[in-house]
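To keep things clear, I will list the structure first and then write my remarks on it.
The values are calculated or read from the model by the stated rules, or taken from the named source; none is laboratory data. Since the structure is predicted, the reported quantities are computational estimates derived from the model, not experimental observations. Heads up, the Cβs are rebuilt from the backbone with ideal geometry, glycines too, and the neighbour counts pull from every protein chain shown.
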Amino acid sequence: MIGIPLLITIAITAVLYLLAKRNTSYATEVSNMNKKEYPLREVRIIGLLIIDRFGLEKFKNRSRAIYEKMFSMYGLEVQEKFRWHVAYKLTLAIIAINAVYFLMLASGEFNVIFLIAGPVVAVGAYILTDSIEEENFKKRSKAIRYDFPEFLTKLVLLVNAGLTLERAWWTILKDIKGEPTILIKELTKTYNDMSSNIPKSKCLNDLSKRCKIPEVSKFTSIVLQNISRGSDSMVFMLQQLSDECWEERKQMAKQKGEEASTKLLFPMMLMLAAVFLVVLVPAMMQLFAL
């Protein structure tokens, strides 16, 4: 009686795994995954099988918010990345329900709480897995927001010096040394698109969608307004935006400093405890010796 739920879930998991194993395309797909970037890649074929049975569009419609964030991070690769992400979510949910029922078996008694907890934990694992991509998106957004003021300041200076927007854009990009940042990669893609005779409005709107931060959206709106209506105040508006971005960057720097202080608190407490031990232990030993 105790082991029946576990036997059922293990049997279902085994059947799904064997069915997935029969599809050689899953093995090829999984073998191309990086082990560090994609944990549990060997058993993700279970998730891939479920996705193909129900259709990726159904999962996409139910996870529209996370899909849009992944689109801003991965661009044209989003379909593949989202598919692997959903496969990971499904696989973790199956592992979670098996783990709960294994704990019930290990406890030695049939417990209704464990029986209910299985599906609940599985659903929780499925939902909470999105937090991985959420965290990646937050880090990416912070990196873009941190680098954007510097680009904007250079752009304003060069446009003020008489260069066209495109020429100033290219001048900034060609002077980049070392590994390009996330923002520089996005700006390079946008410049290449504009150079390929794709309408500037589309290129700038795509940049805004990919970056998904207010500062870049404001920047693209100002430039698009200048293109469509013509405005002598573009440089002035960009300068104002640059000042706002630098203020935001200062706030981010302060926040990083506060976070660093918080992280240092625990090591300092450990050091304080060590000092107390060094001082008190010899004193206590002498006291007990008396």
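Taking the stretch 178-201 as the search range and keeping residues that are without any contact (Cβ under 8 Å) to a residue 40 or more places away in the chain and of a type in the set (Asp, Glu), which one is surrounded by the fewest Cβ atoms within 10 Å (Cβ to Cβ)? Here the answer is Glu179.
Considering each residue of the stretch 21-37 in turn, none proves to be at pLDDT 90 or above and closer than 23 Å to Phe137 by Cβ. The one condition from (1) surrounded by fewer than 14 Cβ atoms within 10 Å (Cβ to Cβ); (2) within 30 Å of Ile113 (Cα to Cα) that Gly47 does not meet is (1). Can you pull out the residues in the stretch 1-28 that are small (Gly, Ala, Ser), more than 32 Å from the chain's Cα centre (by Cα) and surrounded by 11 or more Cβ atoms within 10 Å (Cβ to Cβ)? Gly3, the sole residue that qualifies.
Highlighted here are the helices (runs of 4 or more DSSP H) found entirely within the stretch 35-138 that include at least 1 residues which are touching a Gly at 6+ places or on another chain (Cβ under 7 Å): 78-107.
On the given criteria, is Leu19 touching a residue at least 12 places away in the same chain (Cβ under 8 Å), in a helix (DSSP H, G or I) and of a type in the set (A, V, I, L, M, F, W, C)? Yes. When the residues of the stretch 57-79 are filtered to those that are of a type in the set (A, V, I, L, M) and surrounded by fewer than 11 Cβ atoms within 10 Å (Cβ to Cβ), the one that is farthest from Leu128 (Cα to Cα) is Leu76. A count restricted to the stretch 202-223 and to residues that are surrounded by fewer than 17 Cβ atoms within 10 Å (Cβ to Cβ) and farther than 20 Å from Arg249 by Cα stands at 4.
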